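Down below is the structure, laid out as structure tokens.
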Amino acid sequence: MRPCVARVVACVLLAFCLLSTRSAPSPGDLNAQERLFLSSLGLSSRPRPADSRPQRRHVPSALWRMFRSSEHRKKAQDSDPCTVAEYGVKGNIIRYVQDQGGEVPSWNGLEKQLFFNMSVLQPVEQLTLARLEVRFHWGPLLSSELLSSDRGLSVTLYRVIRATLKGADRQTNRRLLLSQSVQLQPESTAVTLDLTSVAESWRKPGRNYGLVLEMVPLSIHPEELLAFHPGRFCSVQLDLSLPLVQSSLVLVSLNPEQCRSRQRRSAVHLPVSPSNVCRARRLYIDFKDVGWQDWIIAPQGYMANYCHGECPFPLSETLNGTNHAILQTLVHSLDPQGTPQPCCVPIRLSPISMLYYDNNDNVVLRHYQDMVVDECGCR
């Protein structure tokens with residue numbers, strides 16, 4: 001986001017907040033300002049999660065850690081919002097995409113279909129990482145009674161390459177991706193797999209048929225399972241309060257329109273003066289005031305600031321004027337009607353990070369360059 005764009009965003013935010021606090025705002029004006037700001041954030045529309053109580057929905061702990069780390073790096077003046085340091089790849093958007101597949105009982109264990117909606121990525125985004133995370137949760141009954149000896153699961157993961165016709169051999173429509181054994185433990189056990197190339201192919205129309213996860217219990221006899229939970233052997237899910245499998249696809253992508261190479265700027269907040277001279281002015285955006293608290297998880301708001309004031313002749317060093325601005329103020333002092341004063345614009349900005357829910361209830365962590373005005377100057 002270039003300085004001129006950041007100035008526009010600040011003005012939009014200010015106008016949007018003023019419109020939102022009026023007693024009877026015009027719906028047309030309010031919607032137009034909202035669309036403009038959402039567009040500047042790379043969102044085509046306002047996310048409307050199915051659950052309006054975000055505090056009750058689970059946010060992956062890894063995203064919380066990355067959000068807090070980004071805040072720490074920003075304060076330490078060591079922030080690059082276009083690189084995800086935790087994964088070592090370029091990117092400014094991290095999504096935890098939920099699995100939309102279902103479970104299919106089989107004669108010897110459990111077969112689970114995994115499906116991840118790749119339409120959440122905009123066409124302009126460059127996919128840099130897709131990592132499958134499958135977590136197995138063992139119920140307390142299984143843990144206490146059946147983990148006394150070596151127990152485990154045989155886990156096999158397939159990629160579905162075409163739709164299966166009724167009566168056809170399903171194996172011919174699958175490609176093996178992973179086969180391994182998972183040891184049962186009282187705590188949850190996770191399996192991860194890099195699926196970047198597979199996920200990239202899923203973005204093409206008609207190519208996403210999902211995955212199939214097959215799990216077969218090892219060294220657990222049917223008599224043991226039926227004794228603990230009759231009629232549930234096919235699903236091997238002895239504790240109804242916890243799902244046997246939780247899977248998600250971690251997507252890291254880069255929006256090149258919002259990440260351009262530039263000199264790193266430090267987040268130094270200068271004191272704000274009420275003078276009419278060009279300076280940074282305080283502007284705090286509270287997402288609750290604009291009615292976005294149902295989809296933005298964190299932060300609750302941020303200090304955006306904006307630039308305002310005059311660039312009078314002669315320009316002092318504190319106004320950070322360019323040679324052109326100095327010359328323009330001189331000409332303006334001689335011909336105020338024919339030549340305007342230089343503009344008061346941001347010359348130093350810093351990034352922010354946002355955690356939010358999208359329309360599919362996926363949790364998204366997004367880093368934005370140049371969102372906080374730290375210093376202004378005459379240009």
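What follows draws every value from the coordinates through simple rules; no lab data is involved. What you see is a predicted model, and the numbers here were worked out from it, not measured in a lab. Neighbour counts run over all protein chains shown; Cβ positions are idealised from the backbone, glycine included.
See the values below:
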item	result
FRET efficiency estimate (nearest 0.05) - Cβ-Cβ, residue 119 to residue 185, R0 22 angstrom	0.05
Amide H contacts under 5 Å for residue 174, placed H, 5+ residues apart	161
FRET efficiency estimate (nearest 0.05) - Cβ-Cβ, residue 282 to residue 41, R0 22 angstrom	0.55
Residues with amide H under 5 Å from that of residue 361, placed H, sequence gap 5 or more	50
Burial ranking of peptide ranges 353-362, 325-334 (average Cβ count within 10 Å, highest at the top)	353-362, 325-334
Residues residue 316 and residue 204, FRET efficiency given R0 of 51 Å [Cβ-Cβ distance, rounded to 0.05]	0.30
Stokes-Einstein D (µm²/s) once Rh is taken as the Kirkwood radius of the range 274-379 over alpha-carbon pairs, at 20 °C in 1.002 mPa s	135 µm²/s
Alpha-carbon centroid distance for the pair the range 342-376 / the range 278-331, whole angstrom	14 Å
Burial ranking of peptide ranges 197-209, 59-71 (average Cβ count within 10 Å, highest at the top)	59-71, 197-209
